[in-house]
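These notes concern the structure reproduced below.
Rule-based calculations on the coordinates, nothing more; no lab input. What you are looking at is a predicted structure, and each value in this text was computed from that prediction instead of being measured. Cβ sites come from the backbone with ideal geometry, for glycine too, and all protein chains shown count toward neighbours.
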Amino acid sequence: MTGIWLRVALVLIGLAATSAPSDAETVVLRGGTLYASADAAALPDAVIVISDGVISAVGKSGEVAVPSDAQVIDCSGKTVVAGFWNSHVHFTEHVWHNAGAAPAAPLTQHMQEMLTRWGFTTVWDLGSDPNNTLPLRKRIAAGEVAGPTILLAGNIFPKGGHPVYVPSEVQLPEVATPEEATKWARDWLAMGEDGIKLFTGAFMGDKPVINMDPAIAKAAVDVAHAQGRPVFAHPQNKVGVETVIASDVDVLAHTTPSERAYTDDQLARFKAQGTALIPTLALFTTVVLDPNVTNRLIAATVNQLKQFSDNGGTVLFGTDVGFTTQYDTTQEVQLMHRALSERQVLASLTINPARFFKAPKKGKVEQGFDADLVVLDGDPLADVANLAKVSTTIRAGHVIYQKP
Ligand SMILES: [Zn+2]
């Protein structure tokens, strides 16, 4: 796996560099309780100094010099943690149409409703029109639109496997052979996408699931890995999970509500291959109307999350927002907390994705790290739902959300 994510890391470094202002700008967060990382002890009455988009000093009040010209954000009574990652979003809603030329204000407004007011400073878009999302990311990096750092994955479906819930006018590649998968993976990455998302299984409504041949999946994975890019997969059922394993896909983009549990063999392979999991638990409360069925889906997916985490697997927070309009992250963190500790949920939002996607300057609040920060109204270790009570979101030293 060494070197796999080098290109992603370079993209992140590049975006951070372009978003740093040329004039000196110092922001200080003062008086909050800091969790410098998901496993750090609380530091009360903390001072965090940000210069030019980077954390330049962290310490206890009185021990850190506060520059006289700094913009001070009073964090007393609040909790400060590293900026959050949402590793499964989609910029597909109508508001993003023509995002390269559309007025900035409505884009910033919707970014706030969907992402920044929930603390997200980095997101993985697992499928959207790059003609909208690539210019959108540029405008965010340039400071025109207040939003998170965006990484994108290009989608590949199996032949005849355009999922029923993806609008038919959305044209995405369906591949029948490994050669076609190779071509499409290359084309997506050449277009500027940062990774690939495979539908190893596609949901076809009343008709049977269409699964992707493992040799086709492997061809796309080989292209991505050769370029140091990650591959995500949507597995619809057990066969789709087996294809993830057989083709060395890096990230499961969902748990699998149709299956009660992962098998011991699957868990062993996840561990051996370093597979990561995005649970998207709250999503499964929205797919059927019968509450008994919903309870069963949630029980199955919470069980899978627990098995996966207890097995030592990397859990990445993700909600599928953009596809779902449930932007509020409260239910997701609460459902995750059925399987994970508060610190483990915090890690899935911060250090886990930073490590997994090789962003060495993200995921912690330490000197020299990117100034991606979230100020919370309450302590997330006292109540996991406080992870959704965001007061301020800061990306690269700029406030991109401030609670009114
Ligand atoms: Zn999705």
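How many angstrom lie between the Cα centre of region 232-274 and the Cα centre of region 181-229? For region 232-274 versus region 181-229, the Cα centre distance is 15 Å.
Under the combined filter of DSSP loop state and at most 14 neighbouring Cβ atoms within 10 Å, region 182-280 retains these trypsin sites (Lys or Arg not before Pro): Arg260. Just check the chain against the gyration tensor rule for me: Cα atoms, a ≥ b ≥ c as the square roots of the eigenvalues, rounded for a/c under 1.5, and otherwise prolate or oblate depending on whether a/b exceeds b/c. In terms of gyration-tensor shape, prolate. Scanning the chain for GluC sites (Glu not before Pro) that sit in a DSSP loop and have at most 11 other Cβ atoms within 10 Å, the longest stretch containing none of them is 170-404. Using R0 = 35 Å, the C-beta based FRET efficiency linking Val287 and Ala40 works out to 0.40.
Distant-in-sequence amide contacts of Thr200, defined by a placed amide H-H separation under 5 Å and a gap of 5 or more residues or a different chain, comprise His234.
Over every pair of different alpha-carbon atoms in region 37-154, take the mean of 1/r and invert it; report that Kirkwood radius in Å.
Working: mean 1/r = 0.0615 Å⁻¹.
That comes to 16.3 Å for region 37-154.
Once C-alpha pairs closer than 8 Å and six or more residues apart are averaged by separation and normalised to the residue number of region 84-356, the relative contact order reads 18 percent. Taking the number of Cβ atoms within 10 Å of each Cβ as an exposure proxy, the fewest-first ranking of Val95, Val231, Val239 is Val239, Val95, Val231.
In this simple spin-label approximation, Asp379 and Glu113 carry label points 7 Å from Cα along the Cα→Cβ vector, and these lie 3.5 nm apart.
Rounding to the nearest 20 debye, state how big the charge dipole of the chain is about its Cα centre with +1 on each Lys and Arg Cβ and -1 on each Asp and Glu Cβ.
The calculated dipole for the chain is roughly 360 debye.
Taking chymotrypsin sites (Phe, Trp or Tyr not before Pro) across region 129-199, the ones in a DSSP loop with at most 15 further Cβ atoms lying within 10 angstrom of their Cβ are Tyr165. Sorting Tyr401, Tyr327 by the number of Cβ atoms found within 10 Å of their own Cβ, with the fewest placed first, yields Tyr327, Tyr401.
Please arrange Asp265, Asp372, Asp248, Asp383 by counting, for each residue, the other beta carbons lying within 10 Å of its beta carbon, fewest first.
Working: Asp265 10, Asp372 32, Asp248 19, Asp383 14.
Neighbour counts put them in this order, fewest first: Asp265, Asp383, Asp248, Asp372.
Where only DSSP H runs of four or more residues are counted, the chain gives -9500 deg cm²/dmol as its mean residue ellipticity at 222 nm, each run worth -39500 (n - 2.57). Once you sort the root eigenvalues of the Cα gyration tensor of region 247-404 as a ≥ b ≥ c, which label holds: rounded (a/c under 1.5), prolate (a/b larger than b/c) or oblate (the other case)? Judged from the Cα gyration tensor, region 247-404 comes out oblate (a/c at least 1.5, b/c at or above a/b). Here the simple spin-label model places points 7 Å from the Cα toward Cβ, and for Thr330 and Val164 these points are separated by 3.2 nm. In plain terms, the chain from Ala268 to Ser341 could stretch by 24.0 nm, reckoned as 0.36 nm per residue minus the Cα-Cα distance.
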